[in-house]
Amino acid sequence: MKICVLGTGSWGTALAQVLADNQQEVIMWGIDPCEVKDIEVNHHNTKFFETEINHDIHASTDLSVVANADVVLAAVPTIALEEVLTKASQHLTKPAIIINVAKGFHPVTHERLSVVISKIVPQEKCKAIVSLIGPSHAEEVILRLMTSVNAVSDNEEAAKTIQHLFSNQYFRVYRNSDVIGAEIGVAIKNVMAIASGILEGSGQGDNARAGLMTRGLAEMTRYGVALGGKQETYLGLDGVGDLIVTCTSRHSRNFMAGYQIGLDQGAKKFWEENKKTVEGVFACKVVYEEAKKRNISMPITNEVYAVLYEGKAPLDAMRDLMARDLKAE
Ligand SMILES: NC(=O)C1=CN([C@@H]2O[C@H](COP(=O)(O)OP(=O)(O)OC[C@H]3O[C@@H](n4cnc5c(N)ncnc54)[C@H](O)[C@@H]3O)[C@@H](O)[C@H]2O)C=CC1
Ligand SMILES: O=C(CO)COP(=O)(O)O
């Protein structure tokens, strides 16, 4: 199989290495010449990792490398997905399986990302769309530490192909056909991870975090089921699994953003200084607006929204969660 990875960031690089370790032909495309040169020439991606990467991974800034790919793996942040896939699909010469690994929603239309992709990539160039999502920090995958994710698709055959393409001794891929539930789960857990970080940065303890994660799972499930997802998905890798790793790990940029916001007692500095990919801040806005429209109760999301977009003090937001009407839940 020829696989083209779009995006030379941390997740694209870690997944490219899984594929190269599995003896697949993998070429990365990146917009950033420094990342591309580092991968192609130095076999490193120093911006994100200290470790050397598999020498069989190639990288280029020329998007025509996507041309005859069997599989295209989109590994760019949500806000760049539309632009990158629109340009890439112009170069495709045959139908490919499109894999998405971004976690979020379209910032304007609020659509799930597989829906966005189905509208961008012309039907004759798209064999199937698969999301490869689950609890997986790039910093650990690049070190070949054990990781499990789901290949999520309504196309069973394509999900199986991707499952076998990626699975190896340290990377295990399951399958899930609940596209709606899974895509929503991995997007909302980033909002919960910001809240978890806020608690940590505000000096709260393990009890608070366990409470937040449990109620966060209830909130994710309520929202996902209301939009057509399956309840059982939230007990799997794209629900509680991804929630646990993101709400507890210092590798998580969402958790660390919340942590810093908690320490700073406000989000102002985060907005002024952040340069990292923190998907939860965008997902929070989408979920807040959609839940309001659909009358879905989302207390944690509402408080994270108030901190991020209305200048509310983080500890006040968390205290207000504790002080909610006891009859509400
Ligand atoms: N890093 C991780 O551990 C994981 C990340 N993800 C998801 O993967 C997606 C990608 O994130 P990361 O690789 O972590 O981000 P990153 O911040 O490590 O890298 C982002 C990459 O996208 C590129 N990029 C940004 N804007 C672009 C544009 N307009 N056109 C072309 N390239 C552009 C950057 O140059 C960089 O190479 C996110 O949605 C994230 O939630 C999912 C699971 C794990
Ligand atoms: O999605 C992830 C882990 O599953 C990565 O989390 P962050 O984007 O918060 O770093």
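Values quoted throughout were computed directly from the atomic coordinates according to the rules given, and no laboratory measurement underlies them. This structure is a prediction, so every number in the text was calculated from the model and none was measured. In this analysis, Cβ positions are derived from the backbone assuming ideal geometry, glycine residues included, and neighbour counts consider all displayed protein chains.
Compared with the dominant principal axis of the Cα atoms in the chain, helix 156-166 is inclined by about 80°. Scaled against 2.2 N^0.38 Å for its residue count N, the alpha carbon radius of gyration of segment 180-323 is 0.94. Each of GLY205, LEU15, THR301 was placed along the dipole of the chain (beta-carbon charges, centred on the mean Cα), and the one lying farthest toward the positive end is THR301. According to the Kirkwood relation over distinct C-alpha pairs, the hydrodynamic radius of segment 44-93 is 12.7 Å. Placing +1 on the Cβ of every Lys and Arg and -1 on the Cβ of every Asp and Glu, with nothing else charged, gives segment 180-323 a dipole about its Cα centre of roughly 100 debye.
The string of couplings for segment 262-275 from the Karplus curve (6.51, -1.76, 1.60, θ = phi - 60°) is x, 4, 6, 6, x, 9, 4, 5, 4, 5, 6, 10, 5, 10 Hz, one whole number per residue in order, with x for Gly and Pro. Look at the Cα gyration tensor of segment 47-128: its axes a ≥ b ≥ c give a/c of at least 1.5 with a/b at or below b/c, and that counts as oblate.
Relative to the longest principal axis of the Cα atoms of the chain, the long axis of helix 206-226 makes an angle of roughly 70 degrees.
Sparsely packed loop sites in segment 11-73 (the GluC sites (Glu not before Pro) outside DSSP H, G, I, E and B with at most 15 other Cβ atoms within 10 Å) comprise GLU50, GLU52.
For segment 2-177, a simple Cβ point-charge model (Lys and Arg +1, Asp and Glu -1, everything else neutral) yields a dipole of about 480 debye relative to the Cα centre. Taking amide H positions as modeled 1.01 Å from N, with prolines and chain starts lacking one, the residues under 5 Å from LYS2 and 5 or more places away or on another chain are ASP70, VAL71. Its relative contact order, with pairs defined as Cα atoms under 8 Å and 6+ residues apart, puts segment 2-177 at 19 percent.
Compared with the dominant principal axis of the Cα atoms in the chain, helix 299-309 is inclined by about 80°. For segment 233-326, the list of trypsin sites (Lys or Arg not before Pro) that fall in a loop by DSSP and count at most 16 other C-beta atoms within 10 angstrom reads ARG250, LYS275, LYS276, ARG324. By the Kirkwood approach, averaging reciprocal distances over each pair of separate Cα atoms, segment 2-177 gets a hydrodynamic radius of 15.9 Å. Here the sum of -39500 (n - 2.57) over DSSP H runs of 4 or more residues, divided by the residues of the chain, equals -14500 deg cm²/dmol at 222 nm, to the nearest 500. Applying the Karplus relation 6.51 cos²θ - 1.76 cosθ + 1.60 with θ = phi - 60° to segment 241-255 yields 3J(HN,Hα) values of x, 6, 4, 4, 5, 7, 7, 10, 9, 7, 6, 6, 6, 5, 4 Hz, where x marks Gly and Pro. When its C-alpha radius of gyration is set against 2.2 N^0.38 Å (N residues), the chain gives a value of 0.97. Taking the charge dipole of the chain about its Cα centre, with +1 at Lys and Arg Cβ atoms and -1 at Asp and Glu Cβ atoms, the residue from VAL36, GLY266, TYR223 reaching farthest to the positive side is TYR223.
Binning all Cα-Cα separations of segment 107-213 at 5 Å, short to long from zero, yields these whole-percent fractions: 2, 11, 16, 17, 18, 16, 11, 6, 3, 1, 0.
Taking a straight Cα-Cα cut-off under 29 Å and skipping sequence neighbours fewer than 8 places away in the same chain, the lysines within cross-link reach of LYS87 are LYS2, LYS37, LYS47, LYS103, LYS119, LYS125, LYS127, LYS160, LYS275, LYS276, LYS285. Taking the Cα centre of the chain as reference, the dipole from Cβ charges on Lys and Arg (+1) and Asp and Glu (-1) amounts to some 600 debye. Here the chain carries DSSP beta bridges of which approximately 15% are antiparallel, counting only pairs with both residues inside. The separation of segment 48-98 from segment 241-295, counted between C-alpha centres, amounts to 27 Å.
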